[in-house]
Every structure is written in C-alpha cells, then in structure tokens.
Amino acid sequence: MTAQADTTGPGEPRSIDLGNGLVLNARDHMPDRVTEPPVLAVHGLASNARMWDGVGRRLAAAGHHVVAIDQRGHGRSTRPDTGYEMATVADDVARVLDALGWSQAVLVGQSWGGNVVVEAAARHPGRVSAVVAVDGGFINLRRQFASWDDCAAALAPPHLVGIPAHEMQARLEQFASDWPDEGRAGTMANFEVRDDGTIAPWLTFDRHMTVLRGLYDHDPVDAASRVHAPMLMILAGDDDERMGDKRGAVADMADVAAAPVHTVVCDGAHHDVHAQRPDDVVVALGAFLAAVT
C-alpha cells in the first residue's frame, strides 16, 4: 500500500507507477523553464524524498527539472517485503527514468542512496549523464566490519516507534538548530504520525535491516569500475578522523573509474548535509556540471 500524498513543502507530490504493484511517491520540482539537465534525487537509508526539498527548490530555480523519490519501503511508497538488494533498487532508478520519459539524467544520491546511484550508473550507463554522491557512494561496510553480525549489531536503528511526535520535534529542533526549516521538516517526514500523536518510522525495523544487508553486500569499487559517467563525491567534514577513511575510499573508486571523480568537502557539515546546507550542495553540483557537461 501507499500512504496518502504529503502536500506540504515545496515541489508537487506525484506517484510513479513502476508496475508489479510498486508505486513510488515522489516530489516534483519543475522549473519555470527547463534549461539544464534533469536531476533524479535519491535519499539515504530510512530517509525520504522531502530531505531534498531545499536542494530541489534551488536546482529548479536554476533551470533543472528535479524529481526526488521515496525508495521502495520508504516514505509514502509501497512497502514490499523483498527487493532491497542493491541491484534491484538500482534498477528501480532506471525504471523511474523510464516512467518519467527521461532518456538520461543526473543521478544524485545521499548515503545509501549514493551507493544506489553509483550502482545504477554502473548497470545502466547509457541513462546517466553524471553522478553526484552526497556523503555516500563510497560506503563499503565489509571493510568496516569483520562480519554481517558485527555490522548489524553496530548499525541497527534505534527503536523510535511510539515516541510522541512533539517530543521528536523538540529533539530535532535541539539537534538541528542550525538547519533550515525545510531540512527539519524533511527529517520529520521520515515518520508517520499516528492517530494517537505518536510516531513510527515509515521504514520498518525488519526492512531497515534488509536494506542494510544489501548495503553490506555492495562493493562500490567494483561498481565504480563499471561507471562511465563523471562522478562528484560531496563529503561531510564533521569528523576529522573519518575524513581520511572517506578520502581513501573515494580514491579507490577513482583508481578504477572510467571517467573523472571529483571531490568536494563541506567542512563542519552533518552527514545529512543536503538537508543542513542545501546551498553548499547546489553550488558544488552546479560547478561540477559546468565542468563536465
């Protein structure tokens, strides 16, 4: 089932029917006049399309037609029990391009979504003009953890079901006090607000772990070796210790990629830099596209 469309925030809500009972919710940011390449925006694990509201609105103002999707199992899209391995979700991206009638697009993804768009570019090279991965795309969990059990224990999500919505909103306002309103609203959109005023993540715990397993099994270096489109890796610079690991992972991808791999660091940014600092993401993306297209 899909949930009722969210009509708040920028962009027009729309549904994208991929067949076989899979309908993805999306936000459509249409410019007054299309002058730049279309952009498909893909969120991270347990996130949703509204996290791209700030970026989408700004890119549309610059002439891009931007569509941000809720991936399967997330947000207001249908929630099948299967199909969360990387190959399938990457193929979902190509099916979205088909449904939109886009022969090619710039793929932009954050975190897990970054890995998804890199894999999509590897599997469907003729459909992708450029790839932008926001603090993701390079994630290689097999290098970080000795086993799946270790990974699952470390990265299992917190149990948030039943927390009052006003309490979560208060937590968010404290945690993300420097974020724009769109970024905080996008984060709250990760949750369904139930009739009793409490929240539940749209992505269930079991599906979350299934997605995580798909990410654990993904090799971004292998994917990069099959990508022929130029790539931009936007790294969140909020953790000096981890930045070296991120740069190393990106370098490994650049060594095997057929096209140039560019890197931009957003100093002091949160992992959700697209929600926290959309201007920085749009500036980096614009400069990258000007250089490679």
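The values are calculated or read from the model by the stated rules, or taken from the named source; none is laboratory data. Here the structure is a predicted model, which means the values were calculated and not measured. Here Cβ is always computed from backbone atoms with ideal geometry, including for glycine, and neighbour counts include all displayed protein chains.
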### Query
Which residues, taken from region 192-219, are polar (S, T, N, Q) and assigned to a loop (DSSP other than H, G, I, E, B)?
T204
### Task
Can you give me the number of residues within region 220-233 that are part of a strand (DSSP E or B) and either of a type outside the set (A, V, I, L, M, F, W, C) or at pLDDT below 95 (or both)?
0
### Query
If we scan region 98-106, do we find a residue that is part of a loop (DSSP other than H, G, I, E, B), more than 14 Å from the chain's Cα centre (by Cα), surrounded by fewer than 20 Cβ atoms within 10 Å (Cβ to Cβ) and of a type in the set (D, E)?
no
### Query
For region 139-153, how many residues are among the small types (G, A, S) and under 21 Å from the mean Cα position of the chain (by Cα)?
1
